[in-house]
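Data first, discussion second: the structure below is written as structure tokens.
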Amino acid sequence: MQARKYPNYRRRTKRGAGIAEFGPGFFVLLICIFFPLCDLISIGVSYCLIMVLNYNQIQQASLVDSAEAQDPGGAVKKGIPDTWKNGMGRFVNMSGNVQTDISYRNGQTETGQGANGAQDKIVRLRTTITCNPFLPIPFFFGIPGINAPFPLVVFQERQMENPDFAP
């Protein structure tokens with residue numbers, strides 16, 4: 001009885017009209033949702049791995065003399081990033097090298113009875129890495145993180161263990 005009421009019903013299902021829409025739908029799903037989502041997840045993973053690098057650098061910079069920390073061949077600017085590149089840094093799709101900027105500022109001064117007026121020193125470290133997207137999607141215009149390189153900058157401050165090591 002349904003076949004008489006809807007004469008084209010059976011004919012459409014046998015010809016596979018749904019198959020014709022599968023290709024464009026699958027294309028939209030992959031290009032507009034799946035691949036950009038993979039790129040966004042890789043940005044989050046890269047940021048977390050760069051945070052680990054920055055944390056290790058600031059830890060070392062707070063322990064050593066300022067001249068040693070700012071040495072381009074020293075542990076903070078060269079040793080730790082090289083070790084990181086051979087470990088966790090493998091999962092970051094970098095273009096270029098790790099850039100590390102170190103500066104110092106004054107912290108709080110001890111006051112009160114019995115205080116000798118010593119002043120804390122704070123080390124500031126900024127790590128910058130330019131990353132490439134995990135899966136570059138071929139769009140006609142550059143979107144950072146999707147099909148163009150993007151910079152990730154991590155900044156942290158930490159109190160010096162020995163304020164005499166600061167400049």
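Fewest Cβ neighbours within 10 Å first, please rank THR128, THR109, THR83, THR100 accordingly.
THR109, THR83, THR128, THR100
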Protection proxy ranking of 138-145, 85-92 - average other beta-carbon atoms within 10 Å, highest first: 85-92, 138-145
Relative contact order (percent, whole number), the chain, Cα cutoff 8 Å, 6+ residue spacing: 24 percent
Nearest-ten-degree value, helix 17-29 long axis tilted from longest Cα axis of the chain: 10 degrees
Value at 222 nm in deg cm²/dmol, rounded to 500, when DSSP H runs of n ≥ 4 in the chain each add -39,500 (n - 2.57): -11000 deg cm²/dmol
Ratio of Rg to Rh over the chain (Cα coordinates, Kirkwood Rh, two decimals): 1.38
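No lab work stands behind these numbers, since they all come straight from the coordinates. Remember, predicted model here, so these are calculated numbers, not experimental data. Cβ: placed from backbone, ideal geometry, glycine included. Neighbour counts: every protein chain shown.
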